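Comments concern the structure below.
The values are calculated or read from the model by the stated rules, or taken from the named source; none is laboratory data. Computed from a prediction, not measured in an experiment: that's the story for all the values here. Backbone-built Cβ (ideal geometry, glycine too); neighbour counts: all protein chains shown. Each accessible area value is taken on the protein alone, full model and side chains, heavy atoms only, with ligands, DNA and RNA left out. Shrake-Rupley method; radii C 1.70, N 1.55, O 1.52, S 1.80 Å.
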Amino acid sequence: MPAAPVPAPAPAAVPVPVPGSAPARAGTAPVSFEQLERINGAWNAWLFDRADGGLELSGAEARVLDALAAIVASQQSGAALVRRMPGLVPQLLQSLRSETFSGAALSRTIASDPVLVAAVVRLANSCYQGNGQAIASIEHAVILIGQEGLRQLITTVAFRPIIDMHSGFYTRRLAPHLWAHSERCALAARQAAGAGIEPFDAFLAGLLQNVGLIVSLRVMDQTAQDGERLGSDVFLAQLARDTRRLCASIAREWNFPDTVAQALLEQGELRRGAPVSPLGRLLKLTDYLGKVRMLVEQGLVDEADEALFAGLPPEAAQCYDALAATYHD
């Protein structure tokens, strides 16, 4: 397969063309089935470098789905598959839910994970840029970043995929794109969270939405033999279903809010008109717009195509602007 394309320069951010659009009906998806089908098809063709689709499972695809189904149905720890410290992150997030959290106690917990230490110090130093002051300790950094900043930082570090020289083809090719999509959607969802939606819950849902798929990449690397292609339409449909279930399982195992786990499960719902929670609607919208934006940056869809944005709710403009603002070369 050819290497993943180099991102094209980001086009100038423009307002989303949604003239005359009205809010989506409460409890229904904010994006039409036709829009989802079109963009998900383009997204999968780009990720898997396969435009031909296909309606029959290959032997390799069947083996991948069987392995994933076994994981979802078993008592195996979904969180353990993320490859970070599964016991540490829930402990930290639980501490951060308290209004009287102890900076000293939190600092001692963070100090047990070098990856978290590096991320906390890096963020704190970026806050101090330009004033000549240096971070004196982890506790100093914790106080500077604050409660909300730490919640987002710790969760991001926990779920960021590990990609190294030992990673297989699918992890190297797809994981960076999936993680970029997750991070951008998380930030956009947090900004667009409306009444009845906790901004941090929106951030969590956006960040976790691709974790099951990222975990599955390791299964693909271990299962697909040299030259075996993955990416048929029927494979991708079943993969989306199983990886959403895995996402929700991880969210529940780490004691994330029930609303987050429910919103993640709803993303795999394929029935037209199926009921969707407020957070599920927001996640569906940011997922769709995040894919649109990244495909625009690759030159694979035209931002001027009004059909991409027709009928979307008013908050789509804010979401899309937030996604465009997070573009990096």
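Filter the stretch 280-298 for residues that are of a type in the set (Lys, Arg) and modelled with pLDDT under 95; which is farthest from the chain's Cα centre (by Cα)?
Among those that are of a type in the set (Lys, Arg) and modelled with pLDDT under 95, it is Arg281.
Can you tell me which of (1) in contact (Cβ under 8 Å) with a residue 60 or more places away in the chain; (2) open to solvent by 10 Å² or more (accessible area, probe 1.4 Å); (3) within 20 Å of Ala175 (Cβ to Cβ) is the one Leu246 doesn't meet?
The number of the failed condition is (2).
Tally time: how many residues in the stretch 216-227 are outside any loop (DSSP other than H, G, I, E, B) and open to solvent by 10 Å² or more (accessible area, probe 1.4 Å)?
Adding up the residues that qualify gives 5.
Being in a loop (DSSP other than H, G, I, E, B), open to solvent by 30 Å² or more (accessible area, probe 1.4 Å) and either within 14 Å of Ala189 (Cα to Cα) or among the hydrophobic types (A, V, I, L, M, F, W, C) (or both) is the filter here; which residues of the stretch 278-308 pass it?
Leu300, Ala304
Do we find that Gly311 is of a type outside the set (Ser, Thr, Tyr), modelled with pLDDT under 90 and surrounded by fewer than 22 Cβ atoms within 10 Å (Cβ to Cβ) in this structure?
no
If you take the residues in the stretch 233-243 that are more than 16 Å from the chain's Cα centre (by Cα) and touching a residue at least 60 places away in the same chain (Cβ under 8 Å), which one is least open to solvent (accessible area, probe 1.4 Å)?
So the residue we want is Phe235.
Would you confirm, using the coordinates I've provided, whether Phe159 is modelled with pLDDT under 90, open to solvent by less than 20 Å² (accessible area, probe 1.4 Å) and within 19 Å of Arg245 (Cα to Cα)?
yes
For Leu230, state whether it is more than 12 Å from the chain's Cα centre (by Cα), within 17 Å of Ser58 (Cβ to Cβ), touching a residue at least 12 places away in the same chain (Cβ under 8 Å) and part of a helix (DSSP H, G or I).
For Leu230, the condition - more than 12 Å from the chain's Cα centre (by Cα), within 17 Å of Ser58 (Cβ to Cβ), touching a residue at least 12 places away in the same chain (Cβ under 8 Å) and part of a helix (DSSP H, G or I) - is not met.
Just one of Ala180, Ala195 is open to solvent by 10 Å² or more (accessible area, probe 1.4 Å) and in contact with a His (Cβ under 9 Å, 6 or more places away or on another chain); which is it?
Ala180
Filter the stretch 249-261 for residues that are in contact (Cβ under 8 Å) with a residue 12 or more places away in the chain, part of a helix (DSSP H, G or I) and in contact with a helix residue (DSSP H, G or I) (Cβ under 6 Å, 6 or more places away or on another chain) and give the result.
Residues satisfying the conditions are Ile250, Ala251, Glu253, Thr259, Val260, Ala261.
Name the helices (runs of 4 or more DSSP H) wholly within the stretch 7-115 that hold at least 1 residues that are at pLDDT 65 or above, touching a His at 6+ places or on another chain (Cβ under 7 Å) and among the aliphatic types (A, V, I, L, M)?
Qualifying helices (runs of 4 or more DSSP H): 33-48.
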